[in-house]
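The values are calculated or read from the model by the stated rules, or taken from the named source; none is laboratory data. Note that this is a predicted model, so its numbers are computed, not measured. Every residue, glycine among them, receives a Cβ derived from its backbone with ideal geometry; neighbour counts consider all protein chains shown. Side chains are part of the model used for accessible areas, which takes the heavy atoms of the whole protein and leaves out ligands, DNA and RNA. Shrake-Rupley method; radii C 1.70, N 1.55, O 1.52, S 1.80 Å.
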Amino acid sequence: MPLHLLELILFSTYAELRAERSRSYLGLVWWIAEPAMMMAAFWLVFDVILKSGGPDYLPFLLVGLTLWQWMKSCITHGGYAIWGNLGLIRQARLPVLVFPLSQMLADTIKFLCIFVLLLVILWCAGYPPSITYLALPLLFLVTLLFSAGAGFLVAAFVPFIPDLRFIIEQILTVVMFLSGVVFALDAVPSPLREVIALNPVATLLDGVRAILLHAQWPDWWALLKVGVISALVCATGIGCVLRFSPRYPKLAV
């Protein structure tokens, strides 16, 4: 990647973080409050009302929602970035990849801030750090590749069909419930459990939970398969964005 393009992405990321903080009085607090409120709602429904959570459900849910919120933010914010900046793309002729990349990088920085807080909460709750933490960077890299790839694919097509945004939101909601974010896959009947286990998001969630909650290494073979899939999805998404990039300035009004 050329140095000037890297500097542009980093500056755009910094500008996005500052702009988001200025748009909200709560600033960084809102980055934490949003997933916390979602966690409270699911904990109330599944653990308190339905009594289906289990003894370790709260940390289980906290880890799942933290990781999922990062993935969802990368897909939606990065996916809508080109469409939301069509006017600027027409005027400045910037490389279109800068817009989704800076959004995804900003969401990743926010995730890392929240993840540090998550670690502190888990340590205080009786889940101390272990040697398996060494696998976390690899898991995060694969997660970022998969999320970025999905985000690039969304970013490539939304400028042509803006109403895809509403379909994407619904798809992400379905994916969340079919990935074991709010419930353990062990509670799913056997035939359906094997199908859900094919979901790359479920594999990534299981890997992070195994490390943080059980001090276990992730399933390396499953992680390798998801890594290959993620790399292919990311390459395909970037290819689509580059393929359509000459057409985006013509869509701006």
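Charged side chains reduced to their Cβ positions (Lys and Arg at +1, Asp and Glu at -1) give segment 187-253 a dipole of some 420 debye around its Cα centre.
The modelled label-to-label distance for the pair Leu44/Leu94, using points 7 Å beyond Cα in the direction of Cβ, is 4.0 nm. Note on surface exposure: Asp219, Asp206 rank Asp219, Asp206 by accessible area, highest first, 1.4 Å probe. With the Kirkwood sum run over all distinct C-alpha pairs, segment 106-204 has a hydrodynamic radius of 16.1 Å. Measure out, as a whole number of angstrom, how far apart the alpha-carbon centroids of segment 94-149 and segment 188-253 sit. Answer, in whole Å: 14.
Pulled fully out, how much extra length does the chain show between Leu185 and Leu213, if you take 0.36 nm times their separation in residues and subtract their Cα-Cα distance?
On the way: separation 28, 0.36 × 28 = 10.08 nm, distance 1.54 nm.
Using 0.36 nm per residue and subtracting the Cα-Cα distance, I get 8.5 nm.
Placing a label point 7 Å from the Cα of Arg193 along the Cα-to-Cβ direction, the residues of segment 221-253 with a backbone N closer than 20 Å are 221-223.
Each Lys and Arg contributes +1 and each Asp and Glu -1, all at the Cβ; summed about the Cα centre of segment 54-197, the dipole is approximately 460 debye.
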